[in-house]
1. In region B:226-250, which residues are within 28 Å of B:TYR292 (Cα to Cα), within 9 Å of chain A (Cβ to nearest Cβ) and among the β-branched types (Val, Ile, Thr)?
2. Condition first: modelled with pLDDT of 85 or more, β-branched (Val, Ile, Thr), out of contact with any strand residue (DSSP E or B) (no Cβ under 6 Å at 6 or more places or on another chain) and surrounded by 16 or more Cβ atoms within 10 Å (Cβ to Cβ). Can you find one or more residues in region A:257-268 that meet it?
3. For B:LEU87, are the conditions met, namely being buried (at least 19 other Cβ atoms within 10 Å of the Cβ), assigned by TED's automatic domain parsing to the domain that holds B:PRO141 and at pLDDT 85 or above?
4. When you scan region B:199-225, how many residues do you find that are more than 9 Å from chain A (Cβ to nearest Cβ) and among the hydroxyl-bearing types (Ser, Thr, Tyr)?
5. Would you please name the residue that is nearest to B:LYS372 (Cα to Cα), looking only at residues in region B:288-330 that are hydroxyl-bearing (Ser, Thr, Tyr) and surrounded by 24 or more Cβ atoms within 10 Å (Cβ to Cβ)?
6. Residues that are assigned by TED's automatic domain parsing to the domain that holds B:VAL85: which helices (runs of 4 or more DSSP H) entirely in region B:234-328 hold 1 or more of them?
7. Give me the pairs: first residue in region A:113-124 and within 7 Å of another protein chain (Cβ to nearest Cβ), second residue aromatic (Phe, Trp, Tyr), beta-carbon distance under 9 Å, and six or more apart or on different chains, which are they?
8. With the structure loaded, tell me whether B:ILE184 is more than 14 Å from chain A (Cβ to nearest Cβ) and not in a helix (DSSP H, G or I) or whether it fails that test.
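The values are calculated or read from the model by the stated rules, or taken from the named source; none is laboratory data. These numbers were taken from a predicted model, which means no experiment stands behind them. Here the Cβ is made from the backbone with ideal geometry for all residues, glycine too, and neighbour counts use every protein chain on show.
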Amino acid sequence: MDGVAVGSLYALIALGYTMVYGTLQFINFAHSDIFVLGAWVSYTIAVGLGYALAGTHPPLYAGVLILVAAMATCGAVGFTVERLAYRPLRKAPRLNVLITAIGVSLFLQNVGQLKWFFGTQPQRMPSLIEDTILARFAGVQVHLVDLAAAGTALLLMLVLDWLIFRTRMGRAMRAVSHDTSVAALMGVNVDAVISFTFVLGSTLAAAAGFLYAMKYPGLNQPAHATWVLLGLKAFVAAVIGGIGNIRGAMLGGILIGFIEMFGAAYLSPHLRDIYVFSILILVLLVRPSGVLGKAVAEKV
Amino acid sequence: MRSNASLSRLGSSAAILFLAAGLAGCGGSAKSGGAAETPGTDPILIGHFGSMTGSEATFGQSTDNGIRLAIKEFNAAGGLKGKKVELKTYDDQGKGQEAGTAVTRLITSDKVVAVLGEVASSLSIAGGRVAQQYGVPMISPSSTNPQVTEVGDMVFRVCFLDPFQGWVAAKFARENLKAEKAAILYDQAQAYSKGLMDAFDKAFKEMGGTITTVQAYTGGDQDFSAQLTTIRQTNPEVIFVPGYYTDAGNVSIQVRKLGLTAPLLGGDGWDSVKLAEIGGSSIEGSYFTNHYSHQNPAPQVQNFVSTYKADYGQTPDGLAALGYDAARLLFDAMGRAPALDGKSLAAAIAATKDFAGVTGTISIDAQRNAKKAAVVLEMKNGVPAYVTTIEPPQ
């Protein structure tokens, strides 16, 4: 069950990596920091609303409210990052953009550590829903929090899938990813599409951040090494699924979550990171373009 | 700004040079050392390196507060023969490589006469190597791993050691909690946690108990469900978690989530207000061994607690008390030392006998360690409450 929950969070983050790669052909290293931002913004809002106090039972809508607020904040940050850091480099060599992305990542991490943002202390995310065990079978406990996390993630992925394959904007995104200049000639506003991609990716990362904070309420400080590792695993998920491929990222995320959790449970928990990266090597050797890299030709 | 800073640094290094020249001139023979002969306004600089930020941030901050309080009181009482003591603190962010850099900077560019720090044993070892190399005495207030003072004859500590602390935890589990079966979950990335785990494992078995399983995690991990599921299957009566407070808080949440009811038992790495903040209701009823309890009614402890509260607005934890003791012990040694060079100062620290600290009576032994009693605290309503004191075996 942990595998499903964590896997769907990896999938949400992986989607952001994969969408940006699809449209701009570069790895947005600042993406995992948007995820961290999502978790910390959720914490800040929850505490601001007074849910941190012991004995308060937040109303059911609180979770939804915080989720939406975190998504909106991170969407705005994602838009700003793209507008200020990446758009001026649209015609520059790939490497410049890549290095800029690393710069943005470090910037976000260190700003997050400032006193008047999130500080350098770990904090406890208030619990927004009562964690109850819904069912038990064969030694597996189904927790409400896990189910809610997986459910929300799945819902968001369905919405995204619909957005990309069933709407005008989605068609424009697919066109840009297929061939940017031809899309521009056909009257697609490329800059707007790219901005939209960033906002979309960032909101998904924010949702993942919120759900992660719900599942693991002891939040590490914003620049902690464990966040970087989570981002890396999500990136691995995107690569395994076939980078640039939306459904591949979803599949990759769930796969990574399962491999990590099952490896930890049945082999040895000390080597959990090793399983993930071994799978990456394996996939790169056997199918360099990812599991779904060729099966679905359509790229976004 | 820039020129100002470099000017003042130039000034202070010139002062140190002058001081060193004075000392060299007098040699070791004269009792009225250079320090006493030049009662100038230049303060004596001591250094502190600690984790002021990061997952163990309260460790560094508490220690720093304790040291600063000791300095304030020492200067108010006249300082060292009329000279004030000043503190220079560098943040090592809880990282080994930063700890080495911080100590190097304190010694080579700030020219401190002694270094205080760290809390985490692995960082004290990293910093201690540098202090040893430059021949500047270092006192660790609260690193409990045996290897810390094995670095060399310049490294001291004012706290007890992990073999003792692990023994105390085992004794408490066996005799007070009447536990037959214990499970262990330790941080494989920390020398401190590993050392405590080994000591507990050995002592608990010697006392006739059974260790059902030993599981490991890496500091900063968020998911312990695999390890805890294994632990649950072995059905222990107590779970020993010798990690730091952030991880211990996270572990406690997941322990209760899995439906385990056995109390957790930890070491002095749990000592932080953050433990209750992160662990919340999950950490209630768990125990940890520590250096001191703020509920100790001894007048010296109560004086310290009330002045600390007045200055910082919070109850001092064990690390603040140890920082305070380490600084006061250093001043005591500075008063007895004929001069403030590394060798004389180290000799004076090594000669400390029956120093009355707030964390107990401190005598430095031949291995530059302190032999002291430990207390066991229980988390009650978010506050560590005093349970019992356990004396070292004779």
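1. B:THR246 - this is the single residue of region B:226-250 that is within 28 Å of B:TYR292 (Cα to Cα), within 9 Å of chain A (Cβ to nearest Cβ) and among the β-branched types (Val, Ile, Thr).
2. yes
3. So B:LEU87 fails the test.
4. 3
5. The extreme case among them is B:TYR292.
6. Per the criteria, B:299-312.
7. A:PRO122/B:TYR245; A:ARG124/A:TYR43
8. no
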